[in-house]
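The values are calculated or read from the model by the stated rules, or taken from the named source; none is laboratory data. Here the structure is a predicted model, which is why all the values come from computation and not from measurement. Note: ideal-geometry Cβ built from the backbone for every residue, glycine included; neighbour counts use all protein chains shown. The accessibility values were calculated without ligands, DNA or RNA, using every heavy atom of the protein model including side chains. Shrake-Rupley method; radii C 1.70, N 1.55, O 1.52, S 1.80 Å.
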Amino acid sequence: MLRINDITLPLDYDELELKKAAARKLRVGIGELASVSLYKRSIDARRKEQIHFLASVDVTVHGSENAVCKKCRSAAVVKEYQYRLPASRKLSKRPIIVGSGPCGLFAALILADAGQCPLLIERGRDVDSRTKDVLRFHTDGILDATSNVQFGEGGAGTFSDGKLNTGTNDARIRKVLLEFAAHGAPEEILYLAKPHIGTDKLKTTVRNIREKIISLGGEVLFQTKLTGLRSKNGRLTAAVIEHNGTSQTVETDHLILAIGHSARDTFTMLHESGVMMEQKPFAMGVRIEHLQSMINCSQYGAMCESPYLPAADYKLAVHTSSGRGVYTFCMCPGGTVVAAASEQGRLVTNGMSEFARDKTNANSALLVGISPDDFGSSDVLAGVALQRRLEESAFLCGGGNYHAPVQRVCDFLTKTPSRGIGSVEPSYRPGYTLTSLDQCLPSFMTDAMREGLGMMDGRLKGFADGDAILTAVESRSSSPVRIPRDDSMQSVSLKGLYPCGEGAGYAGGIMSAAVDGIKAAEQILHQSLTD
């Protein structure tokens, strides 16, 4: 197979145009091509008057690939990706995976595929029950602390945009994309440069992966929480779990800890059990909302209404005069700001988009870098305490009923409490309260955001538009702790424990978490040969 890079395609191209472009690049006749398929496609909007697609294309030809390749410097002979399971032996005790986010799901999938019959436990509910719980919270303000945007099948990513782009460069990324596509995600995720599934389609995909794990001999238990660890001579011997109110001890030599960034009671349990943990920098801030039409115009110019262009996104990062970083994160085109609390009396926001990305507003986290120096304590869980303080403050500032504190950008910049809204209607539900965000956020954050807004507006026209909406507080962008591990991905303080994914401080999104879970499963399979 040949892979051709740097093919330019018009926005309205069709299959015939794709074949012609590939043939031109290879300097062969179209009849010499046996097959043509997209490998990667991105939007080139550097020149607003000539926006087009840039593509990499996989081609098979009638004849010698090497001979054809010599005619085109941008083509290379490649092999189709194929994931291969590491060699392994059946473990004497089945491995346990804690958490069914992308890290836990893919770890369980690999172990089940290898015949290891893993036990996957999840403190929340299955994705269908969880969806009803989340809808009730967003509609009526009734929070279920065990089943919400943070906890439940699929992890926090299930109620996000389902973005699959990542800064990591690992061959296993292809494995993740292929599994998602095989289990219900849109086929286009296999070639889009910025693929996304959307919350609506991600739910089905997650359910299908769970069913695949079970069909391969794995077991999945919902409403089941890790409450303790048992060990001997520095090695894990068992996990204590609580299922439907009943505690039981399950013997195991291998436990993958994929708990996510919000399992705060589990962090406490691990710390009290002597598992080494350390403070980690993270970020907090707000959600910022604009009209999606304004973002489209800023990014696409005169072509902003083209039916061939998706809802535009952005990614911005600046360093303020104080040296503190301000950046956007988890940008959701055509989406909504969602209530993401997981603890009573604390308010948290996040962003979500469905596959169509067709809602009126665009939203993104607007985050400020937080270092351990800001925690106010050397306690390993001081970052968690800081998150909780800001979440409690936001809850009270919003009215104590899970209504979020909201402020227009124009008022925020002038430190004036908002009394009304403009062209941008806040999308957060169950409701919002107009106020001043200075009442619930520390000055080092609000000062940095004010300066950052002005700097970002210079890079994306309209970003600091006065009618844009700020909603507090975005506090769960990443974990405030890291659980150190060695080269075999085991805890440096407890062999047999594999801290993975976002909660352990080793990932930052669906793809990187899924890859981390695969790597942990591979380590267990390698270990099975020596057990």
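Search segment 190-208 for residues being more than 25 Å from residue 312 (Cβ to Cβ) and in contact (Cβ under 8 Å) with a residue 60 or more places away in the chain, and hand back the single one that is surrounded by the most Cβ atoms within 10 Å (Cβ to Cβ).
206
Do any residues in segment 321-337 that are farther than 21 Å from residue 165 by Cβ and small (Gly, Ala, Ser) have Cβ atoms under 7 Å from those of residues that are at pLDDT 95 or above and outside any strand (DSSP E or B), where the two are at least six apart or on different chains, and which pairs are they?
Going by the 7 Å Cβ cut-off, the qualifying pairs are 321/451; 322/448.
Specify which of the listed residues (114, 108, 87) is closer than 26 Å to residue 236 by Cβ and open to solvent by less than 10 Å² (accessible area, probe 1.4 Å).
Checking each option against the conditions leaves just 108.
Give the residues of segment 209-227 that are assigned to a helix (DSSP H, G or I) and open to solvent by 50 Å² or more (accessible area, probe 1.4 Å), sorted by residue number.
Result: 211, 212, 214, 215.
Across segment 320-335, what is the total count of residues that are more than 19 Å from residue 509 (Cβ to Cβ), open to solvent by 10 Å² or more (accessible area, probe 1.4 Å) and touching a His at 6+ places or on another chain (Cβ under 9 Å)?
0
Looking only at segment 5-44, which residues are open to solvent by 50 Å² or more (accessible area, probe 1.4 Å) and part of a strand (DSSP E or B)?
Listed by number, the residues that qualify are 5, 6, 8, 34, 35, 37, 39, 40, 43.
Quick one: how many residues across segment 457-472 are open to solvent by less than 10 Å² (accessible area, probe 1.4 Å) and in contact with a Lys or Arg (Cβ under 9 Å, 6 or more places away or on another chain)?
Of the residues in segment 457-472, 5 are open to solvent by less than 10 Å² (accessible area, probe 1.4 Å) and in contact with a Lys or Arg (Cβ under 9 Å, 6 or more places away or on another chain).
Anything in segment 49-73 that is surrounded by fewer than 17 Cβ atoms within 10 Å (Cβ to Cβ), small (Gly, Ala, Ser) and under 33 Å from the mean Cα position of the chain (by Cα)? List them, or say none.
Result: no residue meets the conditions.
Of a type outside the set (Phe, Trp, Tyr) and in a helix (DSSP H, G or I): which single residue out of 465, 447, 487 fits that description?
Being of a type outside the set (Phe, Trp, Tyr) and in a helix (DSSP H, G or I) holds for just one of 465, 447, 487, which is 447.
Just checking, does segment 406-425 include any residue being farther than 18 Å from residue 468 by Cα, open to solvent by 40 Å² or more (accessible area, probe 1.4 Å) and in a helix (DSSP H, G or I)?
no
Looking at segment 230-282, which of its residues are out of contact with any helix residue (DSSP H, G or I) (no Cβ under 6 Å at 6 or more places or on another chain), surrounded by fewer than 23 Cβ atoms within 10 Å (Cβ to Cβ) and part of a loop (DSSP other than H, G, I, E, B)?
233, 234, 244, 245, 252, 253, 273, 274, 275, 276, 280, 281
Do we find that residue 77 is touching a residue at least 40 places away in the same chain (Cβ under 8 Å), in contact with a helix residue (DSSP H, G or I) (Cβ under 6 Å, 6 or more places away or on another chain), of a type outside the set (Phe, Trp, Tyr) and open to solvent by 70 Å² or more (accessible area, probe 1.4 Å) in this structure?
Against the criterion (touching a residue at least 40 places away in the same chain (Cβ under 8 Å), in contact with a helix residue (DSSP H, G or I) (Cβ under 6 Å, 6 or more places away or on another chain), of a type outside the set (Phe, Trp, Tyr) and open to solvent by 70 Å² or more (accessible area, probe 1.4 Å)), residue 77 qualifies.
Looking only at segment 337-359, which residues are under 16 Å from the mean Cα position of the chain (by Cα) and either buried (at least 22 other Cβ atoms within 10 Å of the Cβ) or of a type in the set (Gly, Ala, Ser) (or both)?
The answer is 337, 338, 340, 349, 350, 351, 352, 353.
Restricting attention to segment 152-173, which residues are over 24 Å from residue 357 (Cα atoms) and either buried (at least 21 other Cβ atoms within 10 Å of the Cβ) or at pLDDT below 95 (or both)?
Result: 168, 169, 170, 171.
Considering only segment 490-502, state which residues are in contact with a Lys or Arg (Cβ under 9 Å, 6 or more places away or on another chain), outside any strand (DSSP E or B) and open to solvent by 30 Å² or more (accessible area, probe 1.4 Å).
492
With respect to residue 317, determine if the residue is among the aliphatic types (A, V, I, L, M), open to solvent by 50 Å² or more (accessible area, probe 1.4 Å) and closer than 21 Å to residue 466 by Cα.
Yes, satisfied.
Find the residue count for segment 148-179, including only residues that are free of Cβ contacts under 8 Å to residues at least 24 places away in the same chain and farther than 25 Å from residue 331 by Cβ.
Residues that pass the stated criteria total 0.
Take residue 187 and tell me if it is out of contact with any strand residue (DSSP E or B) (no Cβ under 6 Å at 6 or more places or on another chain) and surrounded by fewer than 20 Cβ atoms within 10 Å (Cβ to Cβ).
Criteria met by residue 187.
Might you check whether a residue that is in contact with a Gly (Cβ under 6 Å, 6 or more places away or on another chain) and assigned to a loop (DSSP other than H, G, I, E, B) occurs anywhere in segment 364-386?
Yes - at least one qualifying residue is present in segment 364-386.
Would you check which residues across segment 355-391 are charged (D, E, K, R) and within 21 Å of residue 431 (Cβ to Cβ) and list them?
359, 391
Go through 289, 305 for me and flag whichever is of a type in the set (Asp, Glu), out of contact with any Cys (no Cβ under 6 Å at 6 or more places or on another chain) and crowded, with 19+ Cβ neighbours inside 10 Å.
After ruling out the rest, the residue left standing is 289.
Going by the conditions given, is residue 108 touching a residue at least 12 places away in the same chain (Cβ under 8 Å), of a type outside the set (D, E, K, R) and touching a His at 6+ places or on another chain (Cβ under 9 Å)?
Considered against the rule, which asks whether it is touching a residue at least 12 places away in the same chain (Cβ under 8 Å), of a type outside the set (D, E, K, R) and touching a His at 6+ places or on another chain (Cβ under 9 Å), residue 108 comes out as no.
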